[in-house]
Amino acid sequence: MSEEKTDEEVVNVGVAEYYVTHNPHVLASYGLGSCVGVALYDDRKKIGGLAHIMLPDSKAFSKPGGAGRYADTAIRAMVEEMEKLGSRRKDIRAKMAGGACMFTIPGAKNPKNVPGPYLGMQIGERNVEAVKKALKELKIPLVAEDTGGSYGRTMRFFTSDGSVVVSSIRFGSKNL
Amino acid sequence: MAERKGLTPLQLDALREVGNIGSGNAAVALSTMVDKKVMLSVPRASLVPLVKVSDLVGGAETPVVGVYLHISGDASGSMLLLLEEKSARELAHLMVSGEEGGELTTVEQSALQETGSILAGSYLNALSQMTGILLKPSVPGFAMDMAGAIIDFILVEISQSEDYVLVIETEFDVLQHKIRGHLILFPDLGSLDIILGRLGVSTA
């Protein structure tokens, strides 16, 4: 909740959206549960992007929909946009937060009893793994993360300097 | 996800009526559980876009209590009792100790969890009886956190679902205090049509 920086425009990056900018903005994803917020930052050009990722893998769906929903497609799409704005791949660093498991229902296995990919309770963890895999493929170093657990997080990414503040009801705010 | 323009007033009335019958049964069960008179009413049922659910309680960062369970059987989905944290605390205190204020104790937390379970169970039971569709609730999970995080978890769990959820406004009346909560039905894709069809108010 860095009050001293709130004069910058705040952009709300909602579920399954991503946003790339070369302006000094605060990119924010509120109330991340099993979703993962991934911030990419090029410190040389001050170009940044934030994705609010919902699911690990677009290839598990016949009609995947928008690129922002999935770890594999969202990160690639952000990198491409950053490169269009002038970033070089080797200058991009990543931070992420989220990927929690909010509810545990004892004995729950497949609540839907329908064929198709079952997402289940471990989705937060799988989102985190998928982000790491996608970053590795793109050779982007992950420099900080605050993931897992059973609590929600809000992520604020300041594209003026690349700093990220993660806040939760249980643990307050911390810099990432 | 499926597009849905909205339900007719007749369909919403039918679903609210199911809510009324369910809440009647739930009130009896709750009163017995806490040994106090608990009354319940359903002022409204409405269809809300999935992405707007957090707005019901004041936005993604609002602290809330959620009691969440899965539904299996002839139609499937999940159900959530969503209460603003301050409402949840008030309700729990009134039910358990008859007083107000303070943090939630373990017993109060269990009481809220049980309240969610009873409400969801009673609603599903009423729906089953009126439609002949078997609907079976799971054991409930409990969370106290940001509204957005709770909704986002459910969103991901049910990603093959309808774009709209059914919100049954529920008003608790305990010891002359009225507390508002939201009982939310997240039907899996196609389940809402099955239910509406059996209630005799299908659009098709």
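The values are calculated or read from the model by the stated rules, or taken from the named source; none is laboratory data. What you are looking at is a predicted structure, and each value in this text was computed from that prediction instead of being measured. Positions of Cβ are backbone-derived with ideal geometry, glycine not excepted, and every protein chain shown enters the neighbour counts. Keep in mind that these areas ignore ligands, DNA and RNA; they rest on the heavy atoms of the full protein, side chains included. Shrake-Rupley method; radii C 1.70, N 1.55, O 1.52, S 1.80 Å.
Observations on the structure shown:
- Matching residues in segment B:68-98 - criterion: being among the polar types (S, T, N, Q) and either closer than 19 Å to B:Leu30 by Cα or surrounded by fewer than 23 Cβ atoms within 10 Å (Cβ to Cβ) (or both): B:Ser72, B:Ser87, B:Ser97
- Of everything in segment A:129-176 that is of a type in the set (Phe, Trp, Tyr) and over 13 Å from the mean Cα position of the chain (by Cα), the residue that is nearest to the other protein chains (Cβ to nearest Cβ) is A:Tyr151.
- Verdict on A:Gly86 being at pLDDT below 95 and either more than 21 Å from the chain's Cα centre (by Cα) or facing chain B (nearest Cβ under 8 Å) (or both): no
- Those residues of segment A:157-176 which are in contact with a Phe, Trp or Tyr (Cβ under 9 Å, 6 or more places away or on another chain) and not in a loop (DSSP other than H, G, I, E, B), in sequence order: A:Phe157, A:Ser163, A:Val164, A:Val165, A:Ser168
- Identity of the residue in segment B:108-126, closer than 12 Å to B:Ile71 by Cα and surrounded by 22 or more Cβ atoms within 10 Å (Cβ to Cβ), that ends up farthest from the other protein chains (Cβ to nearest Cβ): B:Tyr123
- Residues that are closer than 30 Å to A:Ala16 by Cα number at least 3 in the following helices (runs of 4 or more DSSP H) confined to segment B:100-204: B:147-157, B:191-198.
- Some residue of segment B:35-50 being at positive phi, in contact (Cβ under 8 Å) with a residue 60 or more places away in the chain and more than 12 Å from the chain's Cα centre (by Cα): no
- Those residues of segment A:145-176 which are among the aliphatic types (A, V, I, L, M) and open to solvent by 20 Å² or more (accessible area, probe 1.4 Å), in sequence order: A:Ile169, A:Leu176
- Residue, modelled with the highest pLDDT, within segment A:92-149, restricted to residues that are among the hydroxyl-bearing types (Ser, Thr, Tyr) and under 30 Å from B:Gly73 (Cβ atoms): A:Thr104
One line per residue, one yes/no per condition, for (1) within 21 Å of A:Gly33 (Cβ to Cβ); (2) at pLDDT below 90:
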| position | (1), (2) |
| --- | --- |
| B:Leu104 | yes, yes |
| B:Ser110 | no, no |
| B:Phe142 | yes, no |
| B:Asp152 | yes, yes |
| B:Ile158 | yes, yes |
| B:Thr170 | no, no |
| B:His182 | yes, no |
| B:Pro187 | yes, yes |
| B:Arg198 | no, yes |
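- Restricting attention to segment B:68-87, the residues that are within 9 Å of chain A (Cβ to nearest Cβ), touching a helix residue (DSSP H, G or I) at 6+ places or on another chain (Cβ under 7 Å) and farther than 16 Å from B:Met146 by Cβ total 5.
- Criterion: hydrophobic (A, V, I, L, M, F, W, C), closer than 25 Å to A:Ser150 by Cα, in contact (Cβ under 8 Å) with a residue 24 or more places away in the chain and in contact with a His (Cβ under 9 Å, 6 or more places away or on another chain) - qualifying residue of B:Leu80, B:Leu112, B:Leu94: B:Leu80
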